[in-house]
Amino acid sequence: MFPLSAFWFLYFTGLGIFFPYLTLYLRENAGLSGTEVGVVLAMMPLVGIVAQPFWGQVADRTGARRTVLAVVTLGGALACAGLGWVHGFVGFALGTALLASFATAVVPVCLSVTFAALRGRGPHAFGRVRVWGTIGYLLAVAGYPWLLHRFAPPRPDGFEPGLASLFPLTAACMLAAAALWPWLPRGGAAALRAARGEWRALLHAAPLRRLLLYSFGGYLFLQGPTGLFPLFVRARGGDLDTVGRMWVVMLLLEIPLILLAGAGLRRFGARGLLGIGVLAGGVRWLGCGLSDDMLVIYALQLLHGVVVTGLLIGGPLYLEQIVPEELRSTAQGLLATVGVGLGGILSNTLTGALIDAFGVDLPMLIGGIGGIALGCAVPWILPAAEKT
């Protein structure tokens, strides 16, 4: 499964350059307010509400999942390169919307291709492929500040004049991932086609409706604090290097946890992984909101790996257990639409507004308390997973 592992690695290397530092660029280099930053970040999930189910349905109806994956990745690369040329709030909002029309569908479609290709290979196979995405993200987060400062050192006040380089570098990584198209899985379960209108059956499945509700709540409480985390670090006296080191800490535990996702699935089930992930996210942000000690904040970032394994991996694994195989792309897109999409829109927008009005601590406290409550409630919200 080298081509799939390479795709996850290259694409997430680009994400590791883009997302951890985009917030700082928008606030300090582009001069946007906290509310404007929140709105720009919300454009990704807003457009994803339409883009993710659309591309998922195209993939399921045609059976050409690997081709759809290459198309949305290439489109994301071109749109990301274009972001380096825009200016002002409106420009970034529209440019990010264009990027979202392709890029938001990459992970859901890639998940459907990966699950199809790994069918019958055992519970550990997915973790062994998906972990390369985290490795790429880790290398990018750690290496980008070092590379940036080699060519564009920061000013004495901490301003990063070369931060616009994140756009072409991210685009190059996405382009390299798209170039793997000829070697991606193309037959078998990856080529199953759904019948016309079959997707409507998804809306009548009670377990899926509950999963969508739970995912919405998880992202509502956790996504905004994550997206605007660099502003929190800056408010605590940190700089770009501090943000990078924080992300390194975040990913240290994520790598072994994703590798062991199969063992966690057997031990706790997909529902248990989800609850643990949301609970860990709540503890993380509540602790950050209550602490001024950077060492404590560093330590709390280790919980990021638990959040990813639970919410971002447990959710798709639960979904894979309850939906028909020929609808897996549409279902994964729908999950991303409601969780990352609707939940992310509200979370990013509200977090940005709360930062402008009350400072960086309140969004952390709200997200933390909400995440803890939702994590504890998972047995009463989600039923045990059964294949439909």
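Coordinate-derived values only; no laboratory data. Please read these numbers as outputs of a predicted model, since none were measured by experiment. Because the Cβ atoms are built from the backbone with ideal geometry, glycine has one as well, and the counts that use them run over all protein chains shown.
A compact table of results
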{"quantity": "Size of electric dipole in the chain: Cβ of Lys, Arg +1 and of Asp, Glu -1, about Cα centre, debye, nearest 20", "calculated": "1320"}
{"quantity": "Estimated FRET transfer efficiency (ILE381, VAL50; beta-carbon r; R0 25 Å; 0.05)", "calculated": "0.40"}
{"quantity": "Length added when fully stretched, TRP146-GLU198, from 0.36 nm per residue minus Cα-Cα", "calculated": "13.7 nm"}
{"quantity": "Choice from HIS124, HIS204, HIS149 with maximal GNM fluctuation in the chain (Cα, 10 Å cutoff)", "calculated": "HIS204"}
{"quantity": "Cα gyration tensor, segment 149-249 - rounded (a/c under 1.5), prolate or oblate", "calculated": "oblate"}
{"quantity": "Shape call, segment 272-388: gyration tensor on alpha carbons, a/c limit 1.5", "calculated": "prolate"}
{"quantity": "Mean ellipticity per residue at 222 nm, deg cm²/dmol - from DSSP H runs of n ≥ 4 across the chain, formula -39500 (n - 2.57)", "calculated": "-24000 deg cm²/dmol"}
{"quantity": "In nm, spacing of pseudo-spin labels at ARG119 and ALA164 (7 Å Cα→C-beta vector)", "calculated": "4.8"}
